[in-house]
1. What FRET efficiency would be calculated for the residue pair residue 25, residue 110, taking the C-beta separation as r and a Förster radius of 35 Å, to the nearest 0.05?
2. Sort the following peptides by mean Cβ neighbour count (other Cβ atoms within 10 Å, averaged over residues), highest first: 73-84, 58-69.
3. Which ordering of 24, 94 is given by a fewest-first count of other beta-carbon atoms within 10 Å?
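Each reported figure results from applying straightforward, stated rules to the coordinates on display, with no laboratory input. Since we're looking at a predicted model, the values are computed, not measured. No Cβ is skipped: glycine too gets one built from the backbone with ideal geometry, and neighbour counts run over all protein chains shown.
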Amino acid sequence: MLPQIVLASDQDIDKQSAESTQKSSETQVIQAFTSQEDIESDIIKIDDQRKRQIMFAMGVPLLLFIFITVGLGIAMGVFGKDVYIAHMIFAGLSLTLALGHAIVGVVWFWPF
């Protein structure tokens, strides 16, 4: 009975040491990424003013598409107009532009 208890406790110790080794290696990987300095590429350099202009140029049609989608949805739901296909096309365009706008914003301006 005693050897089984010792064997079980040895297995628990091995399991805990493996988990702590894995956690320490994970933290080392994360530290390696966070400790690297941002190296700016000389290939394509866009200043913040131009980035904001591009984001604005994407945001204006995005708002326009959203308002058109809402208008078509109201026309369909309240007034019974047959504009389902146009509504879905503008909804798809709105979603596509919104995703592009969000991705570009995160890539260019993260972490602010």
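1. Working: r = 26 Å, r/R0 = 0.74.
Calculated transfer efficiency: 0.85.
2. Working: 73-84: 11.7, 58-69: 15.1.
Per-residue Cβ counts within 10 Å, averaged per peptide and sorted highest first, yield 58-69, 73-84.
3. 24, 94
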